[in-house]
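Peer 1: Could you have a look at this structure, given as structure tokens, before my questions?
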Amino acid sequence: MRRFSTAALLGVCTLSGALFSATAQAETRIRIPAKVCDVTAYGADGERQQIQLNTAPIQKAIDDCAAAGGGTVHFPAGHYLTDPIFLKSNIRLQLDRGAFLIASTTESSYRASAETKYAEAENGWLPFISVANAENVALAGEGTIDGQGAVWWERWRQNVRDNPAKRRSTDRPRLIYIKASQNVLVEGLTITNSPSFHVVMRYSEDVDVTRTRIVSPPFAPHTDAIDPIDSRRIRITHNFIDNNDDHVAIKAEKADPRFPEGVTHDIYIAHNTIKGGRGISIGSESAGGVSKVLVEHNSFEGSMYGLRIKSPRGKAGKVSDITYRDIKMHDVGVPLVFSGYYTGAPEEREALTKALADGSFLVGDQIYPPDSDPAQPFNAVKTPHFSNVTVSRVVSTGRSKAAGYIVGVPEALMKNVVFDKVKIEARQGLLVRNAALIDKGLQVKAKEGPALILQKDGTIGK
């Protein structure tokens, strides 16, 4: 029987900082029974030139291990092609170095059916790996999970060619989907080439994603790395992320009276190395409320955005008690975007020219109205209202297009946005509208124009 180290059988991750509750700071421990189910013993074939699917033997190994009370489903080095698989409680999926778990690209295999309804994938698609209604689950090792996303990306491109309105669609399978589950560890793996989002958790608690490498090419559409949705006590630490959309997208889609502080809270994101992609984000959905987020000790290089809150009217709610600290950025396109506007610009050149005629402007592929935009009626689960946001000891150097955009909506000004020992250099300065900033040490060095661009109801106090 293969022996695994104590570290391999026990995943521990601890939150730090006074921002979080005692519950959130507690250690999350993944304890897996000693039983080992080697997939090759069940008939899985890891030969490099393998053609046949390994779905049945892999799922059989998972099911047998679970029926025995749990254990490790072991993948020795090799290439294992499979359709979607379903993990269960007390199971550790262990990929050795040189082991590749490869997603098939047969579209029909990912279509949800009555038998697989419990996985409840988004947009009718099954994910490649499901962790649904489970607890005490780990996906770990030094191997690779490869979603073979190129086939799906080209499918998306053809759909957009046929209908440009589908450009922002994520109508494709997720790679790893954790739903209604507790105590889940994702550790050490390379996770790559997802058809869409790489790691998604929904309605889940106590999930750790640590020491992974999550990568997709810069031309891979909508390939978010890690998305906590309506989830609590999530820790994202010591990862390397290089993708073509949000590095992290924290979302709260629907309010729930059981969670008055927000359906998504106690999120810790630390010690990550961030390359290409669109930033550590909150939104675009925040209607259910987001609170108690701590982002610290991360480094960014060459990403499109750095730190973002991006919830628009209609999908937004309360976002509060957010702290960003001890962060270094270099050559980040726009280091800071905190905005109550998040609307995609028109695709057609003529329509875009018309949309910009009233003084609106573009940030990336998003369009912002002029500061004459009128106030609308306030709605607690539709109006973006952000408060108590602290940016501390953040340094951004190199080639940035703009220092940032701090833009609230006129019906709910951003309140108590604190900048403490923040230094940013960029071509253009920091634009502030419908927001009250507190300056405890903000230095913006703009190569063109003013360092601070104050528009309607944009204030900076001490």
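Peer 1: Which residues, taken from region 78-90, are in contact with a strand residue (DSSP E or B) (Cβ under 6 Å, 6 or more places away or on another chain) and either charged (D, E, K, R) or farther than 19 Å from Ile51 by Cβ (or both)?
Peer 2: Answer for region 78-90, where residues must be in contact with a strand residue (DSSP E or B) (Cβ under 6 Å, 6 or more places away or on another chain) and either charged (D, E, K, R) or farther than 19 Å from Ile51 by Cβ (or both): Phe86, Leu87, Ser89, Asn90.
Peer 1: Tally the residues that are of a type in the set (A, V, I, L, M) and within 15 Å of the chain's Cα centre (by Cα), restricting the search to region 177-210.
Peer 2: Within region 177-210, residues that are of a type in the set (A, V, I, L, M) and within 15 Å of the chain's Cα centre (by Cα) number 8.
Yes/no matrix, rows are residues, columns are (1) assigned to a loop (DSSP other than H, G, I, E, B); (2) touching a helix residue (DSSP H, G or I) at 6+ places or on another chain (Cβ under 7 Å); (3) among the hydroxyl-bearing types (Ser, Thr, Tyr):
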position: Val209; (1), (2), (3): no, no, no
position: Ala220; (1), (2), (3): yes, yes, no
position: Thr223; (1), (2), (3): yes, no, yes
position: Asn244; (1), (2), (3): yes, no, no
position: Ala255; (1), (2), (3): yes, no, no
position: Arg258; (1), (2), (3): yes, no, no
position: Ile269; (1), (2), (3): no, no, no
position: Glu285; (1), (2), (3): yes, no, no
position: Leu294; (1), (2), (3): no, no, no
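Peer 1: Given the conditions (1) under 16 Å from Thr273 (Cβ atoms); (2) touching a His at 6+ places or on another chain (Cβ under 7 Å), report the number of the one that Asp224 does not fulfil.
Peer 2: (1)
Peer 1: Sort out which residues of region 21-40 are within 23 Å of Val137 (Cβ to Cβ), at pLDDT below 95 and either touching a helix residue (DSSP H, G or I) at 6+ places or on another chain (Cβ under 9 Å) or assigned to a loop (DSSP other than H, G, I, E, B) (or both), and write them in order of number.
Peer 2: Of everything in region 21-40, those that are within 23 Å of Val137 (Cβ to Cβ), at pLDDT below 95 and either touching a helix residue (DSSP H, G or I) at 6+ places or on another chain (Cβ under 9 Å) or assigned to a loop (DSSP other than H, G, I, E, B) (or both) turn out to be Ala26, Glu27, Ile30, Arg31.
Peer 1: Only residues that are more than 16 Å from Leu336 (Cα to Cα) and either polar (S, T, N, Q) or buried (at least 24 other Cβ atoms within 10 Å of the Cβ) (or both): list them for region 435-456, please.
Peer 2: Within region 435-456, just Gln455 meets the criteria.
Peer 1: What number of residues in region 41-64 are over 13 Å from Gln94 (Cβ atoms) and not in a loop (DSSP other than H, G, I, E, B)?
Peer 2: Result for region 41-64: 9.
Peer 1: On to the next question. Anything in region 327-352 that is loosely packed, with under 14 Cβ neighbours inside 10 Å and at pLDDT 95 or above? List them, or say none. First the steps, then the outcome.
Peer 2: Taking region 327-352 as the starting set, the residues that turn out to be loosely packed, with under 14 Cβ neighbours inside 10 Å are 331, 344, 347-351.
Across region 327-352, the qualifying residue is only Asp331.
Peer 1: Among the listed residues Arg155, Arg213, Arg172, Arg167, which satisfies the condition of being closer than 30 Å to Glu348 by Cβ, in contact with a strand residue (DSSP E or B) (Cβ under 9 Å, 6 or more places away or on another chain) and surrounded by fewer than 22 Cβ atoms within 10 Å (Cβ to Cβ)?
Peer 2: Details: Arg155 fails: in contact with a strand residue (DSSP E or B) (Cβ under 9 Å, 6 or more places away or on another chain); Arg213 fails: closer than 30 Å to Glu348 by Cβ; Arg172 fails: surrounded by fewer than 22 Cβ atoms within 10 Å (Cβ to Cβ).
Matching residue, one of Arg155, Arg213, Arg172, Arg167: Arg167.
Peer 1: Report, by residue number, each residue of region 142-171 that is within 20 Å of the chain's Cα centre (by Cα), of a type outside the set (Gly, Ala, Ser), modelled with pLDDT of 95 or more and not in a strand (DSSP E or B).
Peer 2: Once the filter is applied, which keeps residues that are within 20 Å of the chain's Cα centre (by Cα), of a type outside the set (Gly, Ala, Ser), modelled with pLDDT of 95 or more and not in a strand (DSSP E or B), region 142-171 yields Gln148, Trp152, Trp153.
Peer 1: Moving to a separate point now. Here are some residues: Lys415, Lys456, Lys423, Lys445. Which one is touching an Asp or Glu at 6+ places or on another chain (Cβ under 7 Å) and in a strand (DSSP E or B)?
Peer 2: Of the residues listed, the single one that is touching an Asp or Glu at 6+ places or on another chain (Cβ under 7 Å) and in a strand (DSSP E or B) is Lys445.
Peer 1: Can you name the residue in region 411-432 that is touching a Lys or Arg at 6+ places or on another chain (Cβ under 6 Å) and among the basic types (Lys, Arg) and is also farthest from Val381 (Cα to Cα) among such residues?
Peer 2: Arg427
Peer 1: Assess whether Pro173 counts as being in contact (Cβ under 8 Å) with a residue 24 or more places away in the chain and within 30 Å of Leu352 (Cα to Cα).
Peer 2: no
Peer 1: Here's another thing I want to ask about it. Within region 186-196, does at least one residue satisfy the condition of being charged (D, E, K, R), touching a residue at least 40 places away in the same chain (Cβ under 8 Å) and closer than 19 Å to Ile102 by Cα?
Peer 2: Taking region 186-196 as the starting set, the residues that turn out to be charged (D, E, K, R) are 187.
Subset that is touching a residue at least 40 places away in the same chain (Cβ under 8 Å): 187.
With the extra rule that they be closer than 19 Å to Ile102 by Cα, the set shrinks to 187.
Yes, region 186-196 has at least one match.
Peer 1: Check Ala119 against each of (1) surrounded by fewer than 22 Cβ atoms within 10 Å (Cβ to Cβ); (2) at pLDDT 95 or above and name the one condition it does not meet.
Peer 2: For Ala119, the exception is condition (2).
Peer 1: When the residues of region 313-326 are filtered to those that are over 18 Å from the mean Cα position of the chain (by Cα), at negative phi and not in a strand (DSSP E or B), which remaining residue is surrounded by the fewest Cβ atoms within 10 Å (Cβ to Cβ)?
Peer 2: First, the residues of region 313-326 that are over 18 Å from the mean Cα position of the chain (by Cα): 313-314, 317-318, 320-321, 325-326.
Narrowing the set further to residues that are at negative phi leaves 313, 317-318, 320, 325.
Narrowing the set further to residues that are not in a strand (DSSP E or B) leaves 313, 317.
Working: Arg313: 17, Gly317: 25.
Checked region 313-326; the qualifying residue surrounded by the fewest Cβ atoms within 10 Å (Cβ to Cβ) is Arg313.
Peer 1: Let me ask something else about it. Specify the residue that is surrounded by the fewest Cβ atoms within 10 Å (Cβ to Cβ); the eligible residues are those in region 378-387 that are over 22 Å from the mean Cα position of the chain (by Cα) and in contact (Cβ under 8 Å) with a residue 12 or more places away in the chain.
Peer 2: Phe378
The values are calculated or read from the model by the stated rules, or taken from the named source; none is laboratory data. Because the structure is predicted, anything quoted here is derived from the model rather than measured. In this analysis, Cβ positions are derived from the backbone assuming ideal geometry, glycine residues included, and neighbour counts consider all displayed protein chains.
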